[in-house]
1. In this structure, does ALA63 turn out to be surrounded by fewer than 14 Cβ atoms within 10 Å (Cβ to Cβ) and under 22 Å from CYS15 (Cα atoms)?
2. Any residue at all in region 18-30 that is of a type outside the set (Ser, Thr, Tyr), in contact with a helix residue (DSSP H, G or I) (Cβ under 8 Å, 6 or more places away or on another chain), more than 20 Å from ILE103 (Cα to Cα) and surrounded by fewer than 18 Cβ atoms within 10 Å (Cβ to Cβ)?
3. Considering each residue of region 33-52, count those that are part of a loop (DSSP other than H, G, I, E, B) and of a type outside the set (D, E, K, R), and give that number.
4. In this structure, does VAL109 turn out to be in a strand (DSSP E or B) and either aliphatic (A, V, I, L, M) or within 14 Å of LEU123 (Cα to Cα) (or both)?
5. Quick check: is even one residue across region 38-48 more than 24 Å from GLN97 (Cα to Cα) and of a type in the set (A, V, I, L, M)?
6. When the residues of region 82-102 are filtered to those that are in contact (Cβ under 8 Å) with a residue 24 or more places away in the chain and more than 20 Å from ALA43 (Cα to Cα), which remaining residue is surrounded by the fewest Cβ atoms within 10 Å (Cβ to Cβ)?
7. Scan region 53-84 residue by residue and report those that are outside any helix (DSSP H, G or I) and hydrophobic (A, V, I, L, M, F, W, C).
8. Any residue at all in region 77-85 that's of a type in the set (Gly, Ala, Ser) and over 23 Å from ILE119 (Cα atoms)?
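No lab work stands behind these numbers, since they all come straight from the coordinates. Since this is a predicted model, take the numbers as computed values, not measurements. Ideal geometry is used to build each Cβ from the backbone, glycine not excepted, and the neighbour counts take in all protein chains shown.
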Amino acid sequence: MANSGILDSSVLIDCLRGRIAGVSFLASVASAGIPATHVIVAAEILTGARDKREQELIDSFLAGFAIISPTELDGLAALDMYRSYHLSHGVDWPDCQIAATAIRLGLEVLTLNVKHFAIFPGLRVVRPY
């Protein structure tokens, strides 16, 4: 499965846009095994497709990843996180789901938006570049 973390949409968007830092980082992750992302991240990336060609490009890109799905318990943990931090810290529901899954699996979240995830107790968050 995942090397050590779940790649967040910020990193994958950098790769899709051809940004050298993102592409280089993904290449290093892929050299150690199949990179992983969350099903929520895959949906976020697909949301950015402007037409069928872009959607096919994104689907092809995502085919190289292990796509991690939340369990029912992840959903309940995410709901608790959302309840605890949405009003006080403005966290989003998708980030709660990603965080809950990562915590259960003992994986870090690799993101350029560290502040989106830093609030969750027990979650390791890494800015990869």
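1. Values: surrounded by fewer than 14 Cβ atoms within 10 Å (Cβ to Cβ): yes; under 22 Å from CYS15 (Cα atoms): yes.
For ALA63, the condition - surrounded by fewer than 14 Cβ atoms within 10 Å (Cβ to Cβ) and under 22 Å from CYS15 (Cα atoms) - is met.
2. Looking only at region 18-30, we keep the residues that are of a type outside the set (Ser, Thr, Tyr), and these are 18-23, 25-27, 29-30.
Cutting the leftovers down to in contact with a helix residue (DSSP H, G or I) (Cβ under 8 Å, 6 or more places away or on another chain) gives us 21-23, 25-26.
With more than 20 Å from ILE103 (Cα to Cα) added as a condition, the list becomes 21-23, 25-26.
From what's left, surrounded by fewer than 18 Cβ atoms within 10 Å (Cβ to Cβ): 21, 23.
Checked region 18-30: at least one residue is of a type outside the set (Ser, Thr, Tyr), in contact with a helix residue (DSSP H, G or I) (Cβ under 8 Å, 6 or more places away or on another chain), more than 20 Å from ILE103 (Cα to Cα) and surrounded by fewer than 18 Cβ atoms within 10 Å (Cβ to Cβ).
3. Filtering region 33-52 down to residues part of a loop (DSSP other than H, G, I, E, B) leaves 33-35, 48-51.
Next, from what is left, pick out any that are of a type outside the set (D, E, K, R): 33-35, 48-49.
Residues meeting the conditions: 5.
4. On the way: in a strand (DSSP E or B): yes; either aliphatic (A, V, I, L, M) or within 14 Å of LEU123 (Cα to Cα) (or both): yes.
It is true that VAL109 is in a strand (DSSP E or B) and either aliphatic (A, V, I, L, M) or within 14 Å of LEU123 (Cα to Cα) (or both).
5. Just the residues of region 38-48 that are more than 24 Å from GLN97 (Cα to Cα), to begin with: none.
No: zero hits.
6. Among residues in region 82-102 that are in contact (Cβ under 8 Å) with a residue 24 or more places away in the chain and more than 20 Å from ALA43 (Cα to Cα), the one surrounded by the fewest Cβ atoms within 10 Å (Cβ to Cβ) is HIS89.
7. So the first thing to find is which residues in region 53-84 are outside any helix (DSSP H, G or I), and the list is 63-71.
Across region 53-84, the qualifying residues are ALA63, PHE65, ALA66, ILE67, ILE68.
8. Of region 77-85, the ones of a type in the set (Gly, Ala, Ser) are 77-78, 84.
Among the residues that remain, those that are also over 23 Å from ILE119 (Cα atoms) are: none.
Scanning region 77-85, I find no residue that is of a type in the set (Gly, Ala, Ser) and over 23 Å from ILE119 (Cα atoms), so the answer is no.
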